[in-house]
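What follows is a single structure, written as structure tokens, with notes after it.
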Amino acid sequence: MATKEQELINYFRQIKNRGWFETKRHGDQCLGNTFEDLIGKPEDNKSEADYYGIELKAHRSITKSMISLFSKAPSYPRKVNTHLRETYGVIDEKYEKKVLNTTVSGLRDNSHRGGYSFKVIVNKNLERIYLQIRNIATKEIIDDEVYWTFSVLNKALEKKLSKIAILYGDEKYEDGKHYIRYTEMRIIENLTLEKLIKSIEDGKLLIDIRIGVYASGKNEGKTHDHGTAFRMHLNDLLNLYGTVKIID
């Protein structure tokens, strides 16, 4: 009996052999969502891996965008993202609501138009990753109590990232229609918590805080927490895992 990994490989090869085909999907998630449509997987926002323990990620062949590995709000304090938005956010002029969008590294302080800088600090003794916030003008640390625990990150790793299948593909438009094709799949595994933590210290795994406002629909004008995403560039991800199986 074929393993789920081999089953996924078989699906990929069948779809790749179709070459270019039309899709109604658009946007950054087009390749991944279309593939899930084709293998009969419904969309969801679950914290578990997409396909029987294998997380599916897609990457346009022509882009250098970052890949989101998982989303995880800080472990402490309670209602932490509300605290961060209300304390360090800036006013969205259209909706007059505070928003906070910033990308944070473990390598250096960033800067935010609200007058604050953000950096993540790894504390291996306490097994925590702290969000350190400074006043840009005075350089003073004004908040260093927000943190993620190592155990929370390890759970995300075990649920979603023990094995990842990265789909490569291309897109084109002809006569007003949208076409895609799949060119390659890479299966990576053997990521450890130690490697994950080091990639944060090295500034390769970045943390995106994304608390905005709904721009349309029934919730227009209401606060929208897009999730605190842990993201990195594809090449860094491949190097981080170390074990790569190429399917073409």
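Per-residue ellipticity at 222 nm computed for the chain from its helices equals -7000 deg cm²/dmol, with DSSP H segments shorter than 4 residues left out and the rest contributing -39,500 (n - 2.57). When the chymotrypsin sites (Phe, Trp or Tyr not before Pro) in segment 166-248 are filtered for DSSP coil states and for at most 15 other beta-carbon atoms within 10 Å of their beta-carbon, the remaining sites are Y214.
The ratio of the alpha-carbon radius of gyration of segment 32-114 to the globular-protein estimate 2.2 N^0.38 Å is 1.48.
Measuring nothing but protein heavy atoms, the accessible surface of segment 1-113 at 1.4 Å probe radius is 46 percent carbon and sulfur. Projected label points at L193 and N125, each 7 Å from Cα along the beta carbon direction, are separated by 1.9 nanometres. A crude spin-label estimate for the pair K172 and Q29, with each label 7 Å from Cα along the Cβ direction, gives 2.7 nm. Rounded to the nearest 0.05, the FRET efficiency derived from the C-beta distance between R108 and E86 at R0 = 22 Å is 0.25. Divided by 2.2 N^0.38 Å, where N counts the residues, the Cα radius of gyration of segment 29-170 comes to 1.26. Computed over protein heavy atoms with a 1.4 Å probe, the accessible surface of the chain works out to 55 Å² per residue.
Taking the Cα centre of segment 1-132 as reference, the dipole from Cβ charges on Lys and Arg (+1) and Asp and Glu (-1) amounts to some 360 debye. Given their separation in residues at 0.36 nm each and the Cα-Cα distance between them, N10 and Y179 gain 58.7 nm when the chain is fully extended.
Considering only S105, N17, L131, and ranking their Cα positions along the charge dipole of the chain that arises from unit charges at the beta-carbon of Lys, Arg, Asp and Glu, the one farthest toward the positive end is L131.
Ordering N239, G203, F150 by Cα displacement along the dipole of the chain toward the positive end leaves F150 in first place; charges were set at the Cβ atoms of Lys, Arg (+1) and Asp, Glu (-1).
Largest first and in whole Å, the equivalent-ellipsoid semi-axes of the chain read 34, 23, 15, each the square root of five times a Cα gyration tensor eigenvalue. Placing +1 on the Cβ of every Lys and Arg and -1 on the Cβ of every Asp and Glu, with no other charges, gives segment 150-248 a dipole of roughly 340 debye about its Cα centre. Find which of H59, V122, L84 sits farthest along the positive direction of the dipole of segment 1-151, computed with +1 on the beta-carbon of Lys and Arg, -1 on that of Asp and Glu, about the Cα centre. Of the listed residues, the answer is H59. Let me know the whole percent of all Cα-Cα pairs from segment 153-248 that are separated by more than 24 Å. Tail fraction, whole percent: 45.
Between N101 and N17, full extension at 0.36 nm per residue minus the direct alpha carbon distance yields a gain of 26.2 nm.
The slack between N235 and E93, meaning 0.36 nm per residue of separation minus the straight C-alpha distance, is 47.4 nm.
Computed about its Cα centre, the charge dipole of the chain is approximately 100 debye, with only Lys, Arg, Asp and Glu carrying charge at their Cβ. By DSSP, the beta bridges lying fully in the chain are antiparallel in about 90 percent of cases.
Specify whether the C-alpha gyration tensor of segment 115-206 places it in the rounded, prolate or oblate class, a ≥ b ≥ c being the square roots of the eigenvalues: rounded for a/c under 1.5, otherwise prolate if a/b is larger than b/c and oblate if not. The shape class here is oblate.
The values are calculated or read from the model by the stated rules, or taken from the named source; none is laboratory data. A quick note: this is a predicted structure, and the numbers were derived from the prediction, not measured. Positions of Cβ are generated from backbone atoms using ideal geometry, with glycine treated the same way; all protein chains shown enter the neighbour counts. Accessible surface is based on the protein model in full, side chains and every heavy atom, while ligands, DNA and RNA are left aside. Shrake-Rupley method; radii C 1.70, N 1.55, O 1.52, S 1.80 Å.
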